[in-house]
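Data first, discussion second: the structure below is written as structure tokens.
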There are 2 protein chains.
Amino acid sequence: MTVACTATPAVDAAAAPRGGPLPRSDFIRQLVQVLRAEDGWGAWEDLADADLLAEYVVTAEERRDLPITGDPEPELVWRLEQFYAAVGLLVGRRTGCAASPMSRIHWEGFGRVVLIAGRLVVLSHHLRDVHRFGFASFDALAAEGERLTAEATAMIEAHRELARAA
Amino acid sequence: MTVACTATPAVDAAAAPRGGPLPRSDFIRQLVQVLRAEDGWGAWEDLADADLLAEYVVTAEERRDLPITGDPEPELVWRLEQFYAAVGLLVGRRTGCAASPMSRIHWEGFGRVVLIAGRLVVLSHHLRDVHRFGFASFDALAAEGERLTAEATAMIEAHRELARAA
């Protein structure tokens, strides 16, 4: 990877943990659970939560260096889907109506993700630059997860009947 | 393909067009349009509508002979998605709210298809035996398409505000 020429000395970057300290957040806890549930062979058992989430962090410099040509990596698409799955499960905990994700992601890096509870679309996101999916820090990751959860929760509270419809 | 031993003589099968005569139906017309829109190279220009739709016909005998092991063919999954896309477009013509399909189909042959208009899930189907997707005749194809369109249309009429929500 070409490292962009920035004012920040490399020493600082090494000293601060990548992504910053892991915040105490329901969303972070939920996302960790979702990821660990995929670890059927226990390969990540020894990984700390921050290491497990490390790939969610993409700094502004890294973002600039990321190519948006070529297909997004399957691991990246997987990470994105787990992110929305975690929102859906946290919504479920808070409202009693779990929201399940469906996504359609084109290999050119755009697409759509929805979270569905019953007959209600509780969240609908059109995506672009999937190649660059990531967050500046763990704080930013937690904040975005919580924001989307709150948005979806409000939608369910406004249309509870539809969210429970089969 | 192993041909099942049936009472129907082969002569009759050859005489009757496969799938029966093509019914006059809004749904059939819409499905043909959807398929022809995919024909960017004009490869199917000389095909009659009935030939274009021929693969949607799977008789009871054929269904029995279809293996449900192995991944469903990409062409089959494509056909299934075009079927729901046609429902979504016909719904759009009738209600002014086009419904777009999203699907998640597992390679073992089960999955889910939804049609979404705005924030409303106007149709939600859990699928199994995707390998055997098809209809006994063109009449059956038209009837099922019309039935789903009616179901989705009723859903939109009952929740028009949500169907128009962004």
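Read-outs throughout are calculated quantities, based only on the coordinates presented, and are distinct from any laboratory measurement. Owing to the predicted nature of the structure, the values given are computational and were not obtained by experimental measurement. So basically every Cβ, Gly included, is an ideal-geometry build from the backbone, and we count neighbours across all protein chains shown.
For the peptide A:110-122, the mean number of other protein chain Cβ atoms found within 10 angstrom of a residue's Cβ is 4.
Label region A:89-128 by shape, choosing from rounded, prolate and oblate, from the square roots a ≥ b ≥ c of the eigenvalues of the Cα gyration tensor; if a/c is under 1.5 it is rounded, and otherwise prolate applies when a/b is larger than b/c, oblate when it is not. The shape class here is prolate. Subtracting the Cα-Cα distance of B:Glu81 and B:Arg63 from their residue separation scaled by 0.36 nm leaves 4.5 nm. With R₀ fixed at 41 Å, the C-beta to C-beta distance from A:Ser100 to B:Trp41 puts the FRET efficiency at about 0.65. Under the convention that each Lys and Arg Cβ holds +1 and each Asp and Glu Cβ holds -1, the size of the dipole of region B:46-156 around its Cα centre is about 760 debye.
Counting only other chain Cβ atoms within 10 Å of each residue's Cβ, the peptide B:148-161 averages 1.
Highest-first packing order for the peptide set A:48-60, B:39-51 is A:48-60, B:39-51, based on the mean count of other beta carbon atoms within 10 Å.
Dividing the mean sequence gap of close Cα pairs (under 8 Å, 6+ apart) by how many residues chain B holds gives a relative contact order of 27 percent. Within 10 Å of the Cβ of each residue in B:89-102, the mean number of Cβ atoms contributed by other protein chains is 1.
Taking the charge dipole of chain A about its Cα centre, with +1 at Lys and Arg Cβ atoms and -1 at Asp and Glu Cβ atoms, the residue from A:Leu53, A:Ala98, A:Gly70 reaching farthest to the positive side is A:Ala98. With an a/c value of 1.5 or above and a/b larger than b/c for the gyration tensor axes a ≥ b ≥ c computed over the alpha-carbon atoms, chain A is described as prolate.
Sequence-ordered 3J(HN,Hα) estimates for region B:76-93 from the Karplus curve with 6.51, -1.76 and 1.60 and θ = phi - 60° stand at 5, 4, 4, 4, 4, 5, 5, 4, 5, 4, 5, 4, x, 6, 5, 4, x, 5 Hz, glycine and proline given as x. Charges were assigned to the Cβ only: +1 to each Lys and Arg, -1 to each Asp and Glu. The resulting dipole of the protein assembly as shown about its Cα centre is roughly 1340 debye. For the pair B:Asp26 and B:Ala136, the difference between a 0.36 nm per residue extended length and the Cα-Cα distance amounts to 37.7 nm.
Take B:Asp139, push a point 7 Å out from Cα through the beta-carbon direction, and compare it with the same point in every other copy: 6.9 nm, smallest first.
Between the residues B:Thr153, B:Ala140, B:Ala163, the greatest Cα displacement towards the positive end of the dipole of region B:124-166, with unit charges on the Cβ of Lys, Arg, Asp and Glu, is found for B:Ala163.
Only Lys, Arg, Asp and Glu carry charge here, each on its Cβ (+1 for the first two, -1 for the last two); on that basis region A:113-166 has a dipole of about 240 debye about its Cα centre.
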